[in-house]
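Scroll down for the structure; my scribbles are underneath it.
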Amino acid sequence: MSQIQATLITIGDEILIGQTIDTNSAFMAQRLNEIGVHVYEIISISDSANHIIQALDTALASSDIVLITGGLGPTKDDITKETLAKYFGSKLVLHQDILEEIEAYFKKRNRPMLESVKSLAMLPEKCEVIRNLKGTAAAMWFQQKEKAIISMPGVPYEMRDFMTRIIIPRLVEQFNTPTILHKRILCAGLGESIIAEKIKAIENSLPEHIKLAYLPTLGIVKLRLSARGTDVATLQEENNTFAQQIKNILYPKYAFGEDDAILEQTVGELLLEKNAKLGIAESCTGGLIARKITSISGSSRYFDGGVVAYSNRLKKQLLGVKAETLDREGAVSEATVCEMAKGTIEHLGVDYSIAVSGIAGPTGGTPEKPVGTIWAAVANKERVVAKKFQLARNRDLNVKVTTTLAVNLLRLLILDIV
């Protein structure tokens, strides 16, 4: 079976100047990948007829599928519709049914409909019009021999509805695409190169139609198995088999979940199993650990609260860190974070705690403690465990990675494997 290729075209000056982040391409690429379509190219262009025509010429020279988003609104800078009509030798005609739906849309919301909005019902004669169930601008499907060109609004939730409801099922039917099934194993606390070494034998044993990708991000490495073929049940079984082999090596010390698992949710579930409460003492992370923990619905069942003790004064007053410890070892030290963690247990009356202190940067480093020096400690009522991390010189990354590493260290303490 030959590879089906797609080009994605996003239209809008707001994308090119960085005012709007192009999340549409990521979503479309993911959905196409799931049905075995290879995204050959992603092109972002301005609201210019010449640019649209050039992008279409390029896309149709290499791809079987062209997905376009943006430029379908009622304002003068939205020229995609007119350009597509000319490109495919068509003209704009009034679609009365679309006009009636637009009028009903505004009436339902008790909003006046400007005259310019009626232009949304003017659509190319030589296309299949796809109704918009989430907004007002219809999508357009052009067929050029075996090739499909689909233009959709740039509003993300409208585009996603078109993709899910109509476009992906139609593309599967038209191109008889294979299936690609993904299985993910999520790891924390270990770099991708070390993980690769540990599971080298499994990776070498994978058949040709199954690939393994390493996807590192902010303290977490996602291992993604991708199986390609036509027999969904067999692909699923193969993915599960190889995933289990990987888990046998990495779980639970390094692997914490599968597919869409979230580290903070995994830790929350472990706390619930023990009917335990968590408290947090943060310095260099400035409350981000608490924010990540409370981003999980239901976290109030196991999270009592925390303290952002940025100054030494508050470390002493609120957490019971000894003045002599701070004088002798400094705020960024094993002794200090251990006392912060134990003080959280005592002063907040919780069962488990996380404490962090570090030099996030870009200033504040010394030869002995350079920027990126982080100490994290986790504790329960019986023991405290501390670990030093030497991270980068980027403040934002240091804060985010520290959050992940500290939460994972708690996971290991709860499991009693650290």
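The values are calculated or read from the model by the stated rules, or taken from the named source; none is laboratory data. Since the structure is predicted, the reported quantities are computational estimates derived from the model, not experimental observations. When we count neighbours, we look across all protein chains shown, and the Cβ atoms used for this are built from the backbone with ideal geometry, even at glycine.
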Condition met for E103 (out of contact with any helix residue (DSSP H, G or I) (no Cβ under 7 Å at 6 or more places or on another chain), closer than 19 Å to F142 by Cα and either at pLDDT below 95 or in a loop (DSSP other than H, G, I, E, B) (or both)): no
Does E368 fit the bill of being outside any strand (DSSP E or B), acidic (D, E) and crowded, with 19+ Cβ neighbours inside 10 Å? no
Among the residues of segment 179-197, the number that are over 26 Å from T234 (Cα atoms) and in contact (Cβ under 8 Å) with a residue 40 or more places away in the chain is 4
So in segment 141-171, with the set limited to residues that are over 18 Å from T7 (Cβ atoms) and in contact (Cβ under 8 Å) with a residue 24 or more places away in the chain, which one is surrounded by the most Cβ atoms within 10 Å (Cβ to Cβ)? P153
Could you pull out the residue among V321, V308, V356 that is buried (at least 20 other Cβ atoms within 10 Å of the Cβ), within 28 Å of L415 (Cβ to Cβ) and under 28 Å from the mean Cα position of the chain (by Cα)? V356
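Can you find even one residue in segment 110-119 that is in a loop (DSSP other than H, G, I, E, B), basic (K, R), touching a helix residue (DSSP H, G or I) at 6+ places or on another chain (Cβ under 9 Å) and exposed (fewer than 14 other Cβ atoms within 10 Å of the Cβ)? Write out each step before concluding.
Looking only at segment 110-119, we keep the residues that are in a loop (DSSP other than H, G, I, E, B), and these are 110-114.
Adding the requirement that they be basic (K, R) leaves 111.
Retained after the next criterion (residues that are touching a helix residue (DSSP H, G or I) at 6+ places or on another chain (Cβ under 9 Å)): 111.
From the residues that got through so far, the ones that are exposed (fewer than 14 other Cβ atoms within 10 Å of the Cβ) too are 111.
Looking through segment 110-119, at least one residue is in a loop (DSSP other than H, G, I, E, B), basic (K, R), touching a helix residue (DSSP H, G or I) at 6+ places or on another chain (Cβ under 9 Å) and exposed (fewer than 14 other Cβ atoms within 10 Å of the Cβ).
Please pick out the residue among T75, T83 that is modelled with pLDDT of 90 or more and on the phi < 0 side of the Ramachandran plot. I'd like the intermediate steps shown before the answer.
Values: T75 fails: modelled with pLDDT of 90 or more.
Within the list T75, T83, the selection yields T83.
Condition check ((1) touching a Leu at 6+ places or on another chain (Cβ under 6 Å); (2) assigned by TED's automatic domain parsing to the domain that holds Y302; (3) surrounded by fewer than 12 Cβ atoms within 10 Å (Cβ to Cβ); (4) among the aromatic types (F, W, Y)) across all residues:
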residue: E192; (1), (2), (3), (4): no, no, no, no
residue: I195; (1), (2), (3), (4): no, no, no, no
residue: N204; (1), (2), (3), (4): no, no, yes, no
residue: K211; (1), (2), (3), (4): no, no, no, no
residue: T230; (1), (2), (3), (4): no, no, no, no
residue: L235; (1), (2), (3), (4): yes, no, no, no
residue: Q245; (1), (2), (3), (4): no, no, no, no
residue: L250; (1), (2), (3), (4): no, no, no, no
residue: K253; (1), (2), (3), (4): no, no, no, no
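Being surrounded by 19 or more Cβ atoms within 10 Å (Cβ to Cβ), under 30 Å from T230 (Cβ atoms) and not acidic (D, E) narrows it down to one residue among I102, I68, I98; which is it? Spell out how you get there, then give the answer.
Numbers: I102 fails: under 30 Å from T230 (Cβ atoms); I98 fails: under 30 Å from T230 (Cβ atoms).
Just a single option satisfies the conditions, and that option is I68.
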Residues satisfying the stated conditions in segment 245-295, i.e. more than 20 Å from the chain's Cα centre (by Cα), closer than 30 Å to N204 by Cα and of a type in the set (A, V, I, L, M, F, W, C): I246, I249, L250
Got a sec? Which of I15, I53 is modelled with pLDDT under 95 and assigned by TED's automatic domain parsing to the domain that holds M159? I15
Just for helices (runs of 4 or more DSSP H) wholly inside segment 208-320: which have at least 2 residues that are more than 25 Å from A335 (Cβ to Cβ)? 232-250, 263-273, 288-294
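Report yes if T285 is modelled with pLDDT of 95 or more and of a type outside the set (D, E, K, R), otherwise no.
Yes: the conditions hold for T285.
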Quick check on segment 9-26. Is at least one of its residues in contact with an Asp or Glu (Cβ under 8 Å, 6 or more places away or on another chain) and within 27 Å of V232 (Cβ to Cβ)? no
Taking segment 71-85 on its own, how many of its residues are in a helix (DSSP H, G or I) and either surrounded by fewer than 16 Cβ atoms within 10 Å (Cβ to Cβ) or β-branched (V, I, T) (or both)? 2
Looking at (1) touching a residue at least 24 places away in the same chain (Cβ under 8 Å); (2) more than 24 Å from A276 (Cα to Cα); (3) in a helix (DSSP H, G or I); (4) among the hydrophobic types (A, V, I, L, M, F, W, C), which is the only condition I345 fails? (2)
